[in-house]
Structure formats: structure tokens, C-alpha cells
Amino acid sequence: MSDTNALDALIQSLRRLPGVGVKSASRMAFHLLQHDRDGARALARSLEEATQRIRHCAMCHTFTEAEVCSTCLDARRDHSKLCVVETPADQSAVERTAAFRGLYFVLMGKLSPLDGIGPKEIGLQKLFDRATDGTVREVILATNFTAEGEATAHVIGEGLRLRGLQVTRLARGVPAGSELEYVDLGTIAHAMVDRR
């Protein structure tokens, strides 16, 4: 492989990151190669280690190195409340507010029939099994306020209500069309407190 091919491969790899186009990927590649080769090697090692060691929690489906994550194992948390989020980043945003002390279920996506993502792909049966384990009393739907997030919340809500569970949704304090990962923590905290 020539130097140009290796550089092109690095740029194309960096473009896989969300929001990174050709110019940004090129800037990153040139910076790492010109100014921070140690950082580039550390980044490569960290990525390799993460892809080998990190997996999904057997209970909530978030990222963890253990079979069950520390949140699910925490006896101090309220096991009667289950918050459903789309991604680990959304879970992290809710956690940072310190407004919720229950457990989570991470869908790792949202329903999007046009993209071939249906109930099976986001683990709805696993969620329904978890929510009806006899311990959970309330399921809080904290999917994003996008069209797909709303549709996902609707499908989950209907399925859980049929199973006799109390289902609440984050209050509309979170702006429509936003993603939790990018919403300020105060707004998320108020939305969690005022959920309905």
C-alpha cells in the first residue's frame, strides 16, 4: 500500500464518524500525522481495545465490558422504574441530570421502516420481557422527539399499556426535533420531573 493509499484510507475511515465530511476528515488525518503521531497510535489502540472488550448489557442493552452493567446491578436504584432511550449517549445525558434513579433499556436505534429497522431490530420483545418481569411498575419513554422517535414511543407505549403497565413520556420541555444528547441538562431534568 502506498503512502497516498494509506492516507486516503485514514481519511475515509474518519469520514465514518457522524458529522465528519471530507474536509474535516482530511484536517484530522493531517493533524494526527503531522503533529500527534503518539495520539494517533493511542487512538488506534483505544479503538481496537473498545471494539474487542465492549459489548451489550444482558439486561438493558447499553455498552459495558461486563455481562451486566453497573447501573443494572446497583441495588440503590429504583427497579420499579424503567427509562427507555434510543442510544447509550441518550442514557448518559439523562444520567448527567441526576433527575432519574431508576433503570434503563437502550433500544440502540428507533423504528424506521424506510431504513429496514423494525421492532425486531431494536429489541422490542426483549424490552417487553424486561418491562413485564414483575418488578417494573412504570416505563418512561425517553425516545427523541423526532418523527421516528415519536413513532417508536407510540408503538412501545401501546404494547406496554396492553400488558398493564403505567407508561409515561418525557414532558415537552425538550424541543421537538431534538436529540437528547444535544439538549442542555436543565431542560432534560425538567422534562424528566414533569413527565406524563
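The values are calculated or read from the model by the stated rules, or taken from the named source; none is laboratory data. Worth saying up front: this structure is predicted, and the values here are computed from it rather than measured. Glycine gets a Cβ as well: all are built from the backbone with ideal geometry, and neighbour counts include every protein chain shown. In case anyone asks, the SASA skips ligands and DNA or RNA and just uses the protein heavy atoms, side chains included. Shrake-Rupley method; radii C 1.70, N 1.55, O 1.52, S 1.80 Å.
Once the Cα atoms of the stretch 62-133 are picked out, what are the Rg and Dmax in Å?
Rg, Dmax (Cα atoms, Å): 12.9, 41.
Leaving ligands, DNA and RNA out of it, work out the accessible area of Asp184 with a 1.4 Å probe and give it in Å² to the nearest 10.
Result for Asp184: roughly 90 Å² accessible.
Given the peptides 35-45, 146-156, arrange them by the average over their residues of other C-beta atoms within 10 Å, most packed first.
Order by mean packing, descending: 146-156, 35-45.
Tell me the accessible surface of Lys110 in square angstrom (1.4 angstrom probe, heavy atoms of protein chains only), to the nearest ten.
60 Å²
Which of Met28, Gln166, His61 sits closest to the plus end of the dipole of the stretch 26-171, meaning its Cα is farthest towards the positive end, when Lys and Arg get +1 and Asp and Glu get -1 on the C-beta?
Towards the positive end, the residue furthest out is Gln166.
Give me the orientation-averaged projected area of the Cα convex hull of the stretch 122-196, in nm², one decimal.
Result: 5.0 nm².
So, in Å, what gap is there between the alpha-carbon centers of the stretch 109-187 and the stretch 1-53?
34 Å
Can you send over the solvent-accessible area of His56, 1.4 Å probe, protein chains only, in Å² to the nearest 10?
Estimated to the nearest 10 Å², His56 gives 80 Å².
Among (i) 41; (ii) 55; (iii) 74, which one is percent of Cα pairs over 22 Å apart computed from these coordinates?
Identified label for the calculated read-out: (ii).
Show which lysines lie in cross-link reach of Lys110 when reach means a straight Cα distance below 22 angstrom and same-chain residues fewer than eight apart are skipped.
Lys81, Lys120, Lys126
Which percent of the accessible heavy-atom area of the stretch 70-196 goes to carbon and sulfur, probe 1.4 angstrom?
54 percent
Based on the Cα gyration tensor of the stretch 1-111, what are the three equivalent ellipsoid semi-axes, each the root of five times an eigenvalue, rounded to whole Å and given largest first?
So the three semi-axes of the stretch 1-111 are 37, 15, 13 Å.
To the nearest 20 debye, what charge dipole does the chain have about its Cα centre, counting +1 at the Cβ of each Lys and Arg and -1 at the Cβ of each Asp and Glu?
The dipole of the chain has a size of about 340 debye.
Ordering Leu47, Leu124 from largest to smallest accessible area (1.4 angstrom probe), what's the sequence?
Leu47, Leu124
Using a/c under 1.5 as the rounded threshold, could you call the stretch 72-185 rounded, prolate or oblate? The axes a ≥ b ≥ c are square roots of the C-alpha gyration tensor eigenvalues, and prolate needs a/b larger than b/c, oblate otherwise.
Note, shape of the stretch 72-185 comes out oblate.
Return a whole-number percent for the relative contact order of the chain, with Cα pairs under 8 Å and 6 or more residues apart as the contact set.
This gives 16 percent for the chain.
At a Cα cut-off below 16 Å, give the aspartates and glutamates reachable from Lys23, other chains included and same-chain residues fewer than 8 away excluded.
Asp8
Can you give the angle from 0 to 90° between the axis of helix 22-35 and the longest principal axis of the chain, with both taken from C-alpha atoms, to the nearest 10?
Its long axis makes an angle of about 60 degrees.
Per residue, how large is the accessible surface of the stretch 95-169? Use a 1.4 angstrom probe and give square angstrom.
For the stretch 95-169, the per-residue accessible area is 47 Å².
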